[in-house]
Ligand code: KG4
Ligand code: ZN
């Protein structure tokens, strides 16, 4: 089946082709027309259909994204068959848009990189089967991508960051701390034992009915909490950060979420309102929730940095902490992490917000990294499957817990 034949005409605008052909004539290798290798990245692991073309030097030549957030906000969460249907409806258009914007035709690609793990099975399946048809049609190598690996490596596209570095991934679906030693060489130091912070913030925002708040109706839960928190006083509520006695780098958010749920119920009684209406104290609750989440994340990250320093895992003079994922766009949480990196003489780096959330660029870039390292490039895709669950790297969280590192108290004055 010719997936992309309809738009073939729009790929051949002269400008970039001419430049590449010109440069290629000076640096010609047999069978290699372009100076830079070009990778198409495709992402459909959750609720964003995204694609991008990135070259070997990290230039984003074209990108496109279709977000399903608005639909899922209305249904109160992601319904996998709905997500699948929306991916099916949009994937071809999104890939075509990314290619057209980049002025690159599929035949000029060096490889196609696609998220195949972890994620929602029905969503991953759409991206994978589309990609397999594409690589089959244009006879291109295929690079299967681990979604978390892609989040972790994005910073190397935007900043000059050498291995090793520590990464904190916090989003609606992920929560982990890992040492990144190479393109595909990770040590997992800790993860959430239950839900991810973004998931928890989304649940709290739903319980607070923030979708009915005039200023927050189109925002994701986490963004709505951050927005309202600015108008609230966190000291009006006192929630304890979870797992204070566990001297490891794991996280937990569902216990805290239940405590907050109970508090909201109590407040509804006090204010004499029904569930589904917005509490007058919603902003204060948002501020207290955000503060507690920030303190929990900061403390676990602080321990991870101390552990890595103790073991000599990070550069002594220039240890780097990278924070990414949708929740990393929260400026309050970033400030809490800045307090930690200042106290430990580390550098805090975050990709720009549009690259923190799910996107096609990070998948294409991961493809470039793998292409350059010669890792996981498939010329035969027979038997390739998506994997809804897939750990990242080697899990050393037990060892981290056994080290039982005591974290000095930091004043979280944000
Ligand atoms: O990375 P992402 O786009 O998708 C995955 O979950 O993989 O992250 C989305 C999550 C949602 O839970 C959303 O509520 C949260 O990130 N989020 C935020 C903010 N913006 C998005 N959480 C806290 N503060 C924000 N400003
Ligand atoms: Zn993600």
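Can you tell me which residue is farthest from the chain's Cα centre (by Cα) among those in the range 75-93 that are in contact (Cβ under 8 Å) with a residue 60 or more places away in the chain and within 16 Å of ligand 1 (Cβ to nearest atom)?
Selected residue: 76.
Looking only at the range 366-411, how many residues end up being away from ligand 2 (no atom under 14 Å from the Cβ), in a helix (DSSP H, G or I) and under 21 Å from residue 52 (Cα atoms)?
Number of matching residues: 7.
Can you name every residue in the range 150-171 that is in contact with a helix residue (DSSP H, G or I) (Cβ under 6 Å, 6 or more places away or on another chain) and over 29 Å from residue 257 (Cβ atoms)?
Once the filter is applied, which keeps residues that are in contact with a helix residue (DSSP H, G or I) (Cβ under 6 Å, 6 or more places away or on another chain) and over 29 Å from residue 257 (Cβ atoms), the range 150-171 yields 153, 157, 161.
Anything in the range 172-198 that is modelled with pLDDT under 95 and closer than 24 Å to residue 263 by Cα? List them, or say none.
Within the range 172-198, 172 is the sole residue that qualifies.
I want to confirm something. Restricting to the range 311-340 and keeping residues that are farther than 22 Å from residue 229 by Cβ, out of contact with any helix residue (DSSP H, G or I) (no Cβ under 7 Å at 6 or more places or on another chain) and at pLDDT 95 or above, which single residue is surrounded by the fewest Cβ atoms within 10 Å (Cβ to Cβ)?
Selected residue: 312.
In the list 221, 172, which residue meets the criterion of being free of Cβ contacts under 8 Å to residues at least 40 places away in the same chain and within 16 Å of ligand 2 (Cβ to nearest atom)?
Sole residue among the options that is free of Cβ contacts under 8 Å to residues at least 40 places away in the same chain and within 16 Å of ligand 2 (Cβ to nearest atom): 221.
In the range 317-374, how many residues are touching a residue at least 24 places away in the same chain (Cβ under 8 Å) and either away from ligand 1 (no atom under 16 Å from the Cβ) or at positive phi (or both)?
23
Suppose the filter is within 16 Å of ligand 1 (Cβ to nearest atom) and closer than 21 Å to residue 309 by Cα; does residue 161 pass it?
no
The values are calculated or read from the model by the stated rules, or taken from the named source; none is laboratory data. Predicted model only: the values in this text are computed from it and were never measured. When we count neighbours, we look across all protein chains shown, and the Cβ atoms used for this are built from the backbone with ideal geometry, even at glycine.
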